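Below is one structure; the comments refer to it alone.
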Amino acid sequence: MEVAFTTDTCNGARKVQRLLSEHVPGSVTYDCMHHLRNVWFGAVFGAVEKKITKELNIHLRASLNEIDPNLRVTASMSAIIRAVDKEFSLSANYPKGHGNLFQEWMREYHPGVLLMHVERAAGSRQDLCTEGCTIFGQSTAQVSS
Amino acid sequence: MDNQLRKYRHDKPSILQQNLFVALTSQEMIALSRLLSIFHISVCMPFRWLAGKTHELQDYEWSPLSMSRVIDTLFKTMSQLQDSSDLIEDDEFMMNIFEEYRDLLPPFKKYWDFIFEKKRMSVVARCSKDGSKVVHMARLRKELFSPTNRTNATTKALMHGLAKTAEETVCKELLDPTKTTYQYTSQSNSDKSYGNISAERETLQLGTMATNDVAESTLGRTTANVQRFGRISLSSAAAISTAKSNGFMQQESLPPRKRKSAVNVRSPGMLFGLSTEVQHAIVLAARLDAQTARKANIAATLLQFWPKILHDRRRKSWQRIRVWQMHQKNS
């Protein structure tokens, strides 16, 4: 087996990788494929969110100007997934959330309905936007509850 | 819950909760979430599996260098999508982007069938006996590509517009010479592009990982230790993380709650492989060191707080002097 050095796209890590590969003759270097995937989709989120924000701004400019920017009211999907996690997560880790109440409401009024897990949004997660969006099918339940 | 999201505090509505309510009912956001969900199940999930399982696929002549081929496939698909954005709603096209790898790698096919045909999840029910189980990912796939919900169905035009932007962005990212991914594409003609990889070189790389999972996992556990134990030193947090990941203190017998699901009895950790005398010596040394370690920890904590304590004392002294001076002045 050949020696291989794998890193993410961080500058510091890449420098260490380069220095190590210079000291180990015949070694190969490549990049972490999880990080590469997240880099492409990170760019996708940025581009589509920009487009959505541009469209929403046309309709909502007047209303948005009245809202304090500190309240972080944006069309950012990651911000919405974090908010959904805090409000509806069944683990009820966020004290101000209503996960337990939501679960009880679902049991009472919608037995037999599929309720998918809200993605854990704590900390920094690069693939949060795509993975968190898979709950989109139940947004109707969350809104009507 | 509707009331909760619309409730008023201090005679004013909660803007953040109303924002969530509006976002969840907004067609634009539903279109965006539908698009990202399609990308997740058709691109991210298979790519993640292939990247994460590469080191286990050596029997099928699959190495980390083979991932360049997957990137080429992705680029080809995204170029096709750019020409015809209607394909984003085509179940057969989107879900078969990586079909050639399902034929090439039987474990990948097994995973795919498991996720979309066998993996089940319970529906909402008062108790587990009342509820039935459904293949949730199959249901999600059906709703994404052929929506039955009227709100989801009306997002078609909007989603096509967003899909075009997304596909253009992915192609641009893959072909950007300043980005890392470029060297893995055939267009770069570099030594990492699939066409330039020799069979001999690929054979040497069989069994190696294509990801940083091991390092990321260790770092994640170290962070968890720092968060859990407060002022623990970084070296101790890292040591606990490494000892756990290597199963250093793992016992042969499984705890009762895990016995049901476990197939085999696991092998004992390195500590239990040592002779009984050495095991006792290690525990004794740890107990003797505990007091010294505790004292050193307290000293380090005080060192951190010492400037603050001094500052507080000075402030209190000045306050006392000022009170005394005012008292003298008044009297």
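All of the numbers you see were taken from the coordinates with simple rules; none came from a lab. It should be emphasised that the depicted structure is a prediction, and the values quoted were computed from it without experimental measurement. Cβ coordinates were reconstructed from backbone atoms using ideal geometry, including for glycine residues, and neighbour counts include every protein chain displayed.
Residue order for B:K192, A:K50, A:K96, fewest other beta carbons within 10 angstrom first, comes to A:K96, A:K50, B:K192. Averaged over peptide B:31-44, the number of partner chain Cβ atoms lying within 10 Å of each residue's Cβ comes to 6.
Which of the pairs A:K86/B:K142; B:K53/B:K118; B:K142/B:K179; A:K86/B:K156 have their Cα atoms more than 26 Å apart in this structure?
Details: A:K86/B:K142 28 Å; B:K53/B:K118 20 Å; B:K142/B:K179 35 Å; A:K86/B:K156 29 Å.
Result: A:K86/B:K142; B:K142/B:K179; A:K86/B:K156 exceed 26 Å.
Using the Cβ of B:F116 as centre and a radius below 14 Å, the other residues enclosed give a net charge of +3, where K and R count +1 and D and E count -1.
For the peptide A:43-55, the mean number of other protein chain Cβ atoms found within 10 angstrom of a residue's Cβ is 5. For chain B, the normalised intensity computed at q = 0.15 Å⁻¹ comes to -1.31 (log10 of I(q)/I(0), Debye sum over alpha carbons, equal scatterers, no solvent). Within the shell of other residues whose beta carbon sits under 15 angstrom from the beta carbon of A:S124, the net charge comes to -3, with Lys and Arg scored +1 and Asp and Glu -1. Over segment B:33-140, the ratio between the Cα radius of gyration and 2.2 N^0.38 Å evaluates to 1.25.
Taking the Cα centre of segment A:38-144 as origin, work out the dipole magnitude from +1 charges on Lys and Arg Cβ and -1 charges on Asp and Glu Cβ, in debye rounded to 20. Roughly 240 debye for segment A:38-144. Highest average first, the peptides B:69-82, B:93-106 ordered by how many other beta carbon atoms sit within 10 Å of their residues are B:69-82, B:93-106. Placing unit charges on each Cβ (+1 for Lys and Arg, -1 for Asp and Glu) gives the protein assembly as shown a dipole about its Cα centre, and among B:V135, B:T223, B:S317 the Cα reaching farthest toward its positive end belongs to B:S317. Calculate how steeply helix A:77-88 sits against the longest principal axis of the alpha-carbon atoms of chain A, using the helix alpha-carbon long axis, and give the answer as 0 to 90 degrees to the nearest 10. Tilt of helix A:77-88: around 50 degrees. In a reduced charge model with +1 at each Lys and Arg Cβ and -1 at each Asp and Glu Cβ, segment B:62-172 shows a dipole moment near 780 debye about its Cα centre.
Using a simple charge model, +1 on the beta-carbon of Lys and Arg, -1 on the beta-carbon of Asp and Glu, nothing else, what dipole does the protein assembly as shown show about its Cα centre, in debye to the nearest 20?
Numbers: 63 positive and 48 negative charges, 667 e Å.
For the protein assembly as shown, the charge dipole is close to 3200 debye.
Once the other residues with Cβ under 15 Å from the Cβ of B:N152 are scored (Lys, Arg +1; Asp, Glu -1), what is the net sum? Net local charge, B:N152 excluded: +2.
Rounded to the nearest 500, the helix-only mean residue ellipticity at 222 nm of chain B stands at -19000 deg cm²/dmol, with each DSSP H run of n ≥ 4 adding -39,500 (n - 2.57).
Along the axis of the charge dipole computed for chain B (Cβ charges of +1 for Lys and Arg, -1 for Asp and Glu, origin at the Cα centre), the listed residues B:T181, B:G161, B:S275 are led at the positive end by B:S275.
Solvent-free Debye calculation, one equal scatterer per alpha-carbon of the protein assembly as shown: log10 I(q)/I(0) at 0.07 Å⁻¹ equals -0.53. Sorted from longest to shortest, the spans of the Cα atoms of segment A:38-144 along the three principal axes equal 40, 34, 25 Å. For the peptide A:97-106, the mean number of other protein chain Cβ atoms found within 10 angstrom of a residue's Cβ is 2.
Qualifying trypsin sites (Lys or Arg not before Pro) in segment B:216-247, where qualification requires a DSSP coil assignment and no more than 11 other C-beta atoms within 10 Å, comprise B:R231. Result for chain B in a Gaussian network model with C-alpha springs under 10 Å: among B:N19, B:N196, B:N225, the largest mean-square fluctuation is at B:N19. Spatially, segment A:65-135 and segment B:60-124 are offset by 28 Å when compared through their Cα centroids.
Among B:S84, B:M95, B:L302, which residue has its Cα positioned farthest towards the positive end of the charge dipole of chain B, with +1 placed on the Cβ of Lys and Arg, -1 on the Cβ of Asp and Glu, and the dipole taken about the Cα centre? Of the options given, the answer is B:L302.
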